[in-house]
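> Quick one: the structure is below, questions incoming.
The numbers here are math on the coordinates, done by the rules we state, and not lab data. Quantities reported herein were computed from a predicted structural model and do not represent experimental measurements. Cβ: placed from backbone, ideal geometry, glycine included. Neighbour counts: every protein chain shown.
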Amino acid sequence: MTQLLKSLDDTKAFATDLAKTLTSGDWISLVGELGSGKTTFVHYLCEALGVSDEVHSPTFTLVNCYQGRQFRVIHMDLYRLDHEVDMANLDIDGYLNQDQTIVLIEWADKLTLELPEPISIQLSYVDETTRAVQIKVPE
Ligand SMILES: Nc1ncnc2c1ncn2[C@@H]1O[C@H](COP(=O)(O)OP(=O)(O)OP(=O)(O)O)[C@@H](O)[C@H]1O
Ligand SMILES: [Mg+2]
């Protein structure tokens with residue numbers, strides 16, 4: 001299903017609604033070109049989960065970890081990741097098996113590992129204030 005997010009408020013509402021459905025061990029794959037709104041979505045999702053830390057893209061550190069009300073949130077950005085060995089070192093599986101943890105991965109289309117099916121979010125730029133989002137949730 002594709003929907004239009006016509007403003008930051010729409011993106012916030014979309015993230016807030018999704019936050020209510022999350023359970024421990026869920027992971028969200030975020031795919032979309034530069035500036036399509038992946039980090040902005042993560043920011044609003046974290047806010048809805050009660051994260052008080054500042055959320056920014058972990059482009060250089062690769063992994064950020066935030067504590068929300070109920071969940072720990074692991075935020076990864078694979079944009080700069082080129083080597084499979086680095087990917088293995090991220091130990092994504094390890095995070096997925098931890099208690100009360102949600103994993104969010106920007107540029108997840110670069111993953112070469114076998115992982116459980118994610119909540120898949122595809123974002124694309126429509127115009128300055130509008131993004132299109134497609135979400136697919138595992139059955
Ligand atoms: N409806 C909208 N939803 C999300 N972001 C929007 C929207 N309208 C405008 N924007 C702006 O678009 C930009 C999206 O940037 P953001 O860093 O979230 O993208 P990104 O997909 O994470 O990019 P990158 O691949 O570089 O990490 C922000 O400046 C944000 O304010
Ligand atoms: Mg980003």
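> When DSSP beta bridges are limited to those with both residues in the chain, what percentage is antiparallel, rounded to the nearest 5?
Of all bridge pairs located within the chain, approximately 55 percent are antiparallel.
> Over 24 Å apart: what share of the alpha carbon pairs of region 1-91 falls there, rounded to a whole percent?
That fraction is 22 percent.
> Taking 0.36 nm per residue of sequence separation and subtracting the Cα-Cα distance, how much length would be gained by fully extending the chain between residue 20 and residue 91, in nm to one decimal?
Between residue 20 and residue 91, full extension yields 22.9 nm more.
> Let me ask another. Each residue of region 127-133 in order: what ³J(HN,Hα) in whole Hz does its phi give by Karplus 6.51 cos²θ - 1.76 cosθ + 1.60, θ = phi - 60°, with x for Gly and Pro?
Computed from phi, the couplings for region 127-133 are 8, 3, 10, 10, 10, 9, 10 Hz.
> Then there's this: Suppose a student asked you for the relative contact order of the chain, using Cα pairs under 8 Å spaced at least 6 residues apart; what percent would you report?
36 percent
> Using a Gaussian network model on the chain with a 10 Å cutoff between Cα atoms, which of 91, 77, 26 fluctuates the most?
Result for the chain, Cα springs under 10 Å: 91 fluctuates most.
> What residue among 24, 52, 36 has the largest mean-square fluctuation in a Gaussian network model of the chain, using Cα springs under 10 Å?
52
> Please sort by residue number the trypsin sites (Lys or Arg not before Pro) in region 17-85 whose DSSP state is loop and whose Cβ has at most 15 other Cβ atoms within 10 Å.
Sites meeting the loop and neighbour criteria: 20, 69, 80.
> Which far-off residues, 5 or more places away or on another chain, put their amide H under 5 Å from the one on residue 57, with H placed in the peptide plane?
Placed amide hydrogens put nothing under 5 Å from residue 57.
> Specify, per residue and in Å³, the volume enclosed by the convex hull of the alpha carbon atoms belonging to region 37-139.
Spread over its residues, the Cα hull of region 37-139 gives 119 Å³ apiece.
> Kindly write out, for region 9-24 in residue order, the coupling ³J(HN,Hα) from the Karplus curve 6.51 cos²θ - 1.76 cosθ + 1.60 (θ = phi - 60°), rounded to whole Hz, with x marking Gly and Pro.
Calculated HN-Hα couplings, in order: 4, 5, 5, 5, 5, 4, 5, 5, 4, 5, 4, 5, 9, 6, 10, 4 Hz.
> So how much slack lies between residue 137 and residue 53, counting 0.36 nm per residue of separation and subtracting their Cα-Cα distance, in nm?
27.5 nm
> Can you pull the semi-axes for region 90-139, root of five times each eigenvalue of the Cα gyration tensor, sorted largest first, whole Å?
25, 12, 11
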